[in-house]
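Heads up, the thing below is written out as structure tokens.
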Amino acid sequence: MVTDMKREATVTISKAEYESLKQQVAWLMEQLKLSKRRQFGTSTEKSAYDQISIFDEAESAADLSAEEPDIEEVKAYRRRKPRNAADRLPPDLPVEIIEHELPEDKRLCPSCGGSLHIMGRETRDELKLIPATAVILRHVRPVYACRDCEKNAEHATLVKAEMPEPVIKGSFASPEAVAHIMTQKFVMGIPLYRQEQEWERNGIHLSRQTMSNWLVRCAEDWLKPIYDRLRQLLSAREVLHADETSVQVLREPGRAAQSKSTMWLYRTGSDAKPPIVLYDYQLSRSGDYPAEFLREFQGYLHTDGWDEYHRKLPDEIQVVGCWAHCRVTADTGCPATAGPSCARIAGGNAHWLGKNHPPACNRMGDEAATWNQKSEGCVQKGMSS
């Protein structure tokens, strides 16, 4: 019997070729893990660490002079689980008391027939909601005239009482009605066509076009001055945050429905009390818009890596990077080799924050550079790939 023997082929390659193939396999494995992470991993980016306290958390919280607490053994016991704190009624709500009294003929003891007295009271609270009630405010002011002037003077003298100006001239809109529509739309997210249906169910015909006109007019006449004042206060701060996102506006004059516009956002830092958050709608993502909006601002602008911030802003504005974006980029760039510590520290991306930044950023950048050296440059590899 003849048996065919299969021989394994041996291929000889150089060490340089072997190392190159090894790096390619490692790179392909990282791409596979990254693809699976994007497809099946979490989509939100939240960090449990305070950005400033990443590097000195132990040093800031430690107290070496404090004594260790004594261990005390507590006997276990059972108790009723308390209600959720969010379900408690606020104490400042008005209280309507309803007394449930026994009739006079029933205040006798069923055992001996003696008279009963109050020994205590049982209470039970209920949350009662009063639906919104629409009323018509009819402003009436008399017109006063002088009878003597009517008889003897060439012109009659007329005097009127002072009366508040309407929110919109020639309209029956009231401040309460406009505020209700704004709150329902922009806070509760209820579109105008659904509000129109709600008004109709209450017997009031108020079209969405009329409500739209009210919103536009009141925004221009009453809210625009407040917006301009908030913009002045925002520009006077030392540190600001900026971001932008694309939006699509239907039926915009002169533009196709598929056109993309940009909503710019500017806000103060966490040190501002109260905080200021302003939106600025523009047609594109050009850096000319933040340059115009922040023309009176001089200080640090905290943004992402969008190039328009660096190319179009004046020299009085120092653009500093975002540590959250650093962490996300580092976490995305080396998911296979670096592990969770790389995502937590955001690696050696201190150079990405720019040359001029506040002292806290300088300190964090130095710590990040040190960490990057210890982690053998894994983050720099992820950023360059």
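No value in this document is a laboratory result; all are computed from the given coordinates. Worth saying up front: this structure is predicted, and the values here are computed from it rather than measured. All Cβ positions, glycine included, derive from the backbone under ideal geometry; neighbour counts span all protein chains shown.
What distance in nm separates the simple spin-label points at Arg251 and Asp307, each placed 7 Å from Cα in the Cβ direction?
So the label points at Arg251 and Asp307 sit 3.8 nm apart.
By per-residue mean of other Cβ atoms within 10 Å, what is the highest-first order of 294-307, 151-164?
294-307, 151-164
Would you mind ranking His325, His117 so that the residue whose beta carbon has the fewest other beta carbons within 10 Å leads the list?
His117, His325
Could you tell me what % of all Cα pairs in segment 167-235 have separations over 16 Å?
Summing the P(r) of segment 167-235 above 16 Å gives 51 percent of all pairs.
Students often check this: by mean Cβ neighbours within 10 Å, which of 207-218, 15-26 ranks highest, and how do the rest follow?
207-218, 15-26
Divide, for segment 202-325, the radius of gyration over alpha carbons by 2.2 N^0.38 Å, where N is the residue count.
This ratio for segment 202-325 stands at 1.26.
Given +1 on the Cβ of Lys and Arg, -1 on the Cβ of Asp and Glu, and no further charges, what dipole in debye does segment 238-297 carry about its Cα centre, rounded to the nearest 20?
Value, rounded to 20: 300 debye.
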